Amino acid sequence: MTSWRLETLAVHADLLQQRGDPRGELMALDLNPTPEDRGWRHRRQALLAEWLGEPLAVRAGHLVQHGFIHALRDDRFHPPGLLESPLGTFVRRYTVRGDEQALARLASRPRPWLVQLTFIPSGPGVQVSDTVRDALIAATPHLQELHLLGARPPFDAFPHPSVRHVSVGQEHLPARRNTLAVPEGVEVRGCPHAEGRRGPWVEDAEVELALDAVHEQPDCGRLQESYDGFFTEAGSLAALLARLRSAGLVTMDGPLVRLTTAGRVQRNLEPLRSPRLPAAQLDFGRWFLWAEARRRTGEHDQVPIGSLRSHLPWLEQCLSRVPLDKRVQDTLVSYRRFLIDTLVPADEHEVRAFDSPDALAEAVETLLELEDLDLGFIHQEDPFAEEALLPLEAALDSTRAPRQALFHLVWGS
């Protein structure tokens, strides 16, 4: 099933049901979703538990659509360990950030359904050995699209017999640094501004179309069949929906995808309701905010966040202008209160921990995803937007479970 056809999926579901595989009935249920029917929901959850076991069904059942995970991202919005679970066999698109070990994990077992892979290297010097590359090729026999978003490809050649499209981290091709050799007939494209991105470049029109399509058609199967061909820049509709979910604009409920409150605000379907903030009438002078991120070794990494005089206005801009769900809003309001009420009165040498590091890490990743989609909520002339997010991400280690960062203020540096 390298292409998406509901008729093909229905035939596959019938074959699986004849073999007694619970995925078959699950696929059949998802092809005709009736979420308002309690019987449908109960039966779907029972099939998920029979297939995956109760803990995994509860943790990840909402991401399963038609017996697959259409797009898995290695971020805080997808439970860790799914790639190693039984669901890891049925991932169709995967986005991972890391080094050679991240691709070795993917190549550790067959991924017969994977059709799209996006690799975001954790640094400019990441290289992947021929051994891991060859294992990856063997594990993904039906891979069709490869997106490499680093400054240069992590390997010199990718001789995959099925891949048809490759995106590399140069905007204009050919480029001297593009040393990637691919089989004849493979299309190689440049990714504009690929360095530091969280996924392939997405045109504004594609984001708008995706949100409009979700509003009109929440059935994920019909949505993909009707609209998938319109999302060439994003790679696929399923991959874009996973990013919109990380950005807090859509939610997934098995075979259904819906706009969140933030997504409805983005489409002008309801007004933005920013939280009321008490005035912070303080002279922040030359106070600079720092964080000490605790690592597994017990050491602390010193991370400068920036001037409190700039950081608080930026935070207030986010709350007043960016479509955010109430949970994210509440987290950012609590973080602002922590800065004003806890850190400002503290002694210069004291360090204090924000009491909800997981929630703050998720909020930061949501803001990063929104910024990466280039939706323009914060004025472009404000240079502090990215400077505020990236140090916070580093302090909270927000791509994985964060260590509880310790914050403190330092005068004049």
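The values are calculated or read from the model by the stated rules, or taken from the named source; none is laboratory data. Keep in mind it's a predicted model, so treat the numbers as computed, not measured. Here Cβ is always computed from backbone atoms with ideal geometry, including for glycine, and neighbour counts include all displayed protein chains. Quick note on the areas: whole protein, heavy atoms, side chains included, nothing else; ligands and nucleic acids left out. Shrake-Rupley method; radii C 1.70, N 1.55, O 1.52, S 1.80 Å.
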Check: Quick check: is even one residue across the stretch 120-128 part of a loop (DSSP other than H, G, I, E, B), among the β-branched types (Val, Ile, Thr) and touching a residue at least 60 places away in the same chain (Cβ under 8 Å)?
Finding: no
Next item on the list: Check Gly150 against each of (1) over 20 Å from Asp75 (Cβ atoms); (2) at pLDDT below 85 and name the one condition it does not meet.
Entry: (1)
Checklist line | Members of the stretch 91-114 found to be open to solvent by 10 Å² or more (accessible area, probe 1.4 Å) and in contact (Cβ under 8 Å) with a residue 60 or more places away in the chain, listed by number | finding: Arg93, Thr95, Arg97, Trp113
Margin query: Against the conditions (1) under 19 Å from Trp201 (Cβ atoms); (2) open to solvent by 10 Å² or more (accessible area, probe 1.4 Å); (3) not in a loop (DSSP other than H, G, I, E, B), where does Arg152 fall short? Just the number, please.
Written below: (3)
Item checked: Residue ID - least open to solvent (accessible area, probe 1.4 Å), chosen from residues in the stretch 30-44 that are closer than 15 Å to Ala57 by Cβ and in contact with a helix residue (DSSP H, G or I) (Cβ under 8 Å, 6 or more places away or on another chain) -> Asp30
Margin query: Test of understanding: among Glu195, Glu233, Glu208, which residue is closer than 27 Å to Leu315 by Cα, open to solvent by 60 Å² or more (accessible area, probe 1.4 Å) and either modelled with pLDDT under 90 or of a type in the set (Lys, Arg) (or both)?
Written below: Glu195
Notebook entry, point to check: Among the residues of the stretch 138-151, which ones are within 15 Å of Leu180 (Cα to Cα) and in contact with a Pro (Cβ under 8 Å, 6 or more places away or on another chain)?
Noted result: His147, Leu148, Leu149, Gly150, Ala151
Notebook entry, point to check: Identify, please: which residue in the stretch 211-226 is more than 22 Å from Val265 (Cβ to Cβ) and out of contact with any Pro (no Cβ under 7 Å at 6 or more places or on another chain) and is, among those, most open to solvent (accessible area, probe 1.4 Å)?
Noted result: Arg222
Next item on the list: Considering each residue of the stretch 338-359, count those that are part of a helix (DSSP H, G or I) and touching a residue at least 40 places away in the same chain (Cβ under 8 Å), and give that number.
Entry: 6
Check: Among the helices (runs of 4 or more DSSP H) contained in the stretch 1-103, which hold 3 or more residues that are under 17 Å from Gly221 (Cβ atoms), of a type outside the set (S, T, N, Q) and touching a Gly at 6+ places or on another chain (Cβ under 8 Å)?
Finding: 6-18, 22-31
Next item on the list: Look at Ser398 and say whether it is modelled with pLDDT under 80, touching a helix residue (DSSP H, G or I) at 6+ places or on another chain (Cβ under 9 Å) and surrounded by 14 or more Cβ atoms within 10 Å (Cβ to Cβ).
Entry: yes
